[in-house]
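Just so you know, all these numbers are worked out from the coordinates, no wet-lab data involved. Everything numeric here is computed off the predicted structure, so don't read it as measured data. In this analysis, Cβ positions are derived from the backbone assuming ideal geometry, glycine residues included, and neighbour counts consider all displayed protein chains.
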Amino acid sequence: MNNNIETFVEDIKSKYETLGVDIPKNNQVSLDFTARDIHSVLAYAKSHGWAQLSMLTCVDWIEENKLQLVYLLFNWENGVRLQVRTKLDRDKPVFSTITSIYPGAKYYERDVHEFFGVEFEGNPESYKPLFLENWDDMPPLLKDFDPQAYSDEKYPAREYEKDFTKKAGEK
């Protein structure tokens, strides 16, 4: 990792309560923060070159009863990918939108809301479905969602007739 990135990591650690730092590759840094610091950290990162929000995703840590928001940022000047992460209570996952920092987050927040149930206060579009129209069950990417039970409930069991053409020479 080059000095510029090390300086950035040390600088951000001195300004915010950093819960963890992971450097899995030379051009990738993962930083964990409390939820209260995420907006400030994202604004700070954007002002230091991480202008692209490449993705917002979520991880279900069911054993901890937490959902982890993962913001993936990219810096075009140095080619470094930055992950900014925080955990929310799984029972009531509510977080403030980051659309004032990264306007394109409105679509990612819709996705995370739809598939994990995180509510993004301040983003009125986060409730609009992207993929799951008329979905009436728990968010499907939570680890306690049972796809077989959902399928059994929503779709009746059917018997299918074997319908095939025999190959030449078969009886």
*Grab the other residues whose beta carbon is less than 14 angstrom from that of residue 55, score K and R as +1, D and E as -1, and report the net.*
+2
*Can you figure out the FRET efficiency of residue 18 with residue 141, using R₀ = 22 Å and their beta-carbon distance, to the nearest 0.05?*
0.20
*For the chain, what is the mean residue ellipticity at 222 nm derived from helices alone (per DSSP H run of n ≥ 4: -39500 (n - 2.57); sum divided by total residues; nearest 500 deg cm²/dmol)?*
-7500 deg cm²/dmol
*Could you give the longest part of the chain that holds none of the GluC sites (Glu not before Pro) found in DSSP loops with at most 13 neighbouring Cβ atoms within 10 Å?*
18-76
_Please enumerate, by chain and number, the lysines with C-alpha under 16 Å from the C-alpha of residue 162, excluding those fewer than 8 residues away in the same chain._
171
_Reported label for calculated Cα Rg over 2.2 N^0.38 Å given (1) 1.29; (2) 1.70; (3) 1.39_ = (3)
*In nanometres, what is the gap between the two model label sites at residue 6 and residue 152, each 7 Å from Cα along Cα-to-Cβ?*
5.7 nm
*What's the local net charge at residue 44, with K and R +1, D and E -1, over the other residues with C-beta under 11 Å away?*
0
*Of 25/128; 66/106; 128/154; 15/128; 25/87; 15/143, which sit over 29 Å apart, Cα to Cα?*
25/128; 15/128; 15/143
*About the Cα centre of segment 3-154, what is the dipole size in debye to 20, counting +1 per Lys and Arg Cβ and -1 per Asp and Glu Cβ, all else neutral?*
640 debye
*Could you list which residues have their amide H under 5 Å from that of residue 55, counting only those 5 or more apart in sequence or on another chain, with H placed in the peptide plane?*
72
_Between 0 and 90 degrees, rounded to the nearest ten: what's the tilt of helix 38-47 against the longest Cα principal axis of the chain?_
70 degrees
*If we count every other residue with Cβ under 13 angstrom of residue 144's Cβ, Lys/Arg +1 and Asp/Glu -1, where does the sum land?*
-3
*asked:* Using the basic label-point model (7 angstrom from Cα toward the beta carbon), what is the residue 132 to residue 43 distance in nanometres?
replied: 3.2 nm
_Using θ = phi - 60° and Karplus 6.51 cos²θ - 1.76 cosθ + 1.60, couplings along segment 14-19 (whole Hz; Gly, Pro as x)_ = 6, 9, 10, 6, 8, 8
